[in-house]
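The block underneath contains the structure these notes are about, expressed in C-alpha cells.
The values are calculated or read from the model by the stated rules, or taken from the named source; none is laboratory data. Note that the structure is a prediction, hence the values are computed from the model and not measured. Note: ideal-geometry Cβ built from the backbone for every residue, glycine included; neighbour counts use all protein chains shown.
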Amino acid sequence: MNKGVIFCPWFFVYKLIEKNIIRGDITMALVSVDELLSRAQERTYAVGAFNANNMEIIQAIAKAAELENSPVIMQASQGAISYAGLDYITGMVEIAAESVKVPIALHLDHGTDFDQVVRCIRSGFSSVMYDGSKLPLEENIAMTNKVLDIARPIGVSVEAELGKIGGTEDNVHVDEKEAMYTDPEEARYFVEKTGIKSLAIAIGTAHGQYKGEPKLDYGRLEKIKSMINIPIVLHGSSGVPDEAVQKAVKLGICKVNIDTNIREAFVGEMRRVIAEKPAEIDPRKILGPAREVTVELIRQKMRVFGSSGQA
Ligand code: G3H
Ligand code: 13P
Ligand code: ZN
C-alpha cells in the first residue's frame, strides 16, 4: 500500500467531495475564522462576528468592513438558515466576499446539530461553531471532536462552547449565574482533549437585550486565558459597554459576537421611516435607510474592537 497516497491531503479532500461532505466548486473568497483570529491574537484586537439575517444586513457588514479596511466574520444561526435558506445565505455571503478586498469568513453560529454542521460545510461555510454547551462535558468533547474530524482536514475552522451563555430573558439569580460560568480548569481540560483553536466562554454576558448593565468576570477571563492561550470568543456582546469590551479584548477576547444591536438599529430605522412616511409602499425606501444605519453601527463596533485598518 502506498502511504503517500493515504496521507495526501488532496486524496482526503477528494474523498470528502465524493462523500458529498464538501463541494468540489468551493470558492476561495472566504477565509477561515482561525486565520482571522490567530492574527487578532498576535496583535491584540478582536474581529467582529455579525449575524447575517438578510441581504441588506450582509451588504451592510461587507460595506462597513470595506470602509474600515477590517477583517470580518458573517455568521448565520440555525434560525437565520431556516429563515433565508442555506443556499441563499452562502450565495449572498460569497457574492459579498467577492465584491470587497477585505477578508470575510462565513461561520455557523451556535450549531447544535451534527447534520446541520455538515450541511453548512458542504454549502461552503469556512467556519462552524459546534455548541455542545448543554451537553455533559465528556459528550461535548466527543461531539466537538467528531466535528473537528471532518472540518480540520479541509481547513474549515471550528469554535466550541464551554459554560452556559444564557439569554437575558432567562431570569437566573446571581448564584445560579456563577454555576453557568466557564470553569478555567474545565477549559484547560477541554482544549487538551479537543485541540480546539477558539472557545466561547461564559463570563457574565447573555444573548438579547440587557435589563441592567452586564458585569463581566475579568478575573475568570484572565485565568482561562492563562490556562489555554487560544483566541477566546465573547457572545452576547450587544449592550456591553465599549470600555468593558475593550478591557476583555486586552485580556484575550479575539472574536466579539453582535446580533441584537444590529436588530435594534435596523428595525429602529425601518420604524422611523415608516412613521415619517406612513404612505410609503416601496420596501427599498424603508430597507435602504435601515441598511445605511447598520453600516454605521458596524463601523463603530469595528473601531471599538480595534479591527479597523487590520485587513
Ligand atoms: O446567539 C444568538 C443569535 O442572536 C442568533 O439568534 O437564533 O434568533 O437567529 P437567532
Ligand atoms: P447578542 O444578540 O446579544 O449580540 O449576541 C449575539 C451572539 O452571541 C451570537 O452568537
Ligand atoms: Zn451567541
Problem set entry | Scan of the stretch 67-93 for residues that are away from ligand 2 (no atom under 13 Å from the Cβ) and closer than 14 Å to Glu56 by Cα, ordered by number | Ala84, Tyr88, Ile89, Gly91, Met92, Val93
Exercise. Does the stretch 255-275 contain at least one residue that is surrounded by 16 or more Cβ atoms within 10 Å (Cβ to Cβ), more than 22 Å from Lys301 (Cα to Cα) and modelled with pLDDT of 95 or more?
Worked result: yes
Exercise. Mind checking which pairs have a first residue in the stretch 58-80 that is closer than 17 Å to Gly309 by Cβ and among the acidic types (Asp, Glu) and a second that is more than 16 Å from ligand 3 (Cβ to nearest atom) and part of a helix (DSSP H, G or I), Cβ under 8 Å, 6 or more apart or different chains?
Worked result: Glu68/Arg299; Glu68/Met302; Glu68/Arg303
Problem set entry | Candidate set from the stretch 153-167 (those that are of a type in the set (D, E, K, R) and within 11 Å of ligand 2 (Cβ to nearest atom)); member that is surrounded by the most Cβ atoms within 10 Å (Cβ to Cβ) | Glu159
Exercise. Looking at the stretch 274-301, which of its residues are farther than 21 Å from Ile61 by Cα and in a helix (DSSP H, G or I)?
Worked result: Ile274, Ala275, Glu276
Exercise. Does Val233 qualify as being closer than 16 Å to Ile73 by Cα, surrounded by 19 or more Cβ atoms within 10 Å (Cβ to Cβ) and touching a residue at least 40 places away in the same chain (Cβ under 8 Å)?
Worked result: yes
Exercise. Would you call Gly212 in contact with a Gly (Cβ under 9 Å, 6 or more places away or on another chain) and within 16 Å of ligand 2 (Cβ to nearest atom)?
Worked result: no
Exercise. What single numbered condition from (1) over 18 Å from Met74 (Cα atoms); (2) without any contact (Cβ under 8 Å) to a residue 40 or more places away in the chain fails to hold for Tyr130?
Worked result: (1)
For this session: For Ser82, state whether it is modelled with pLDDT of 95 or more, in a helix (DSSP H, G or I) and under 20 Å from Ile253 (Cβ atoms).
Result: no
Problem set entry | Near pairs, Cβ below 9 angstrom, 6+ apart or cross-chain, from the stretch 256-276 (closer than 13 Å to Glu292 by Cα) to any residue that is away from ligand 1 (no atom under 13 Å from the Cβ) and polar (S, T, N, Q) | Ile262/Thr294; Ala265/Thr294; Phe266/Thr294; Glu269/Thr294
Seminar exercise, completed: If we keep only residues of the stretch 302-311 that are part of a loop (DSSP other than H, G, I, E, B) and at negative phi, then the residue surrounded by the most Cβ atoms within 10 Å (Cβ to Cβ) is Ser307
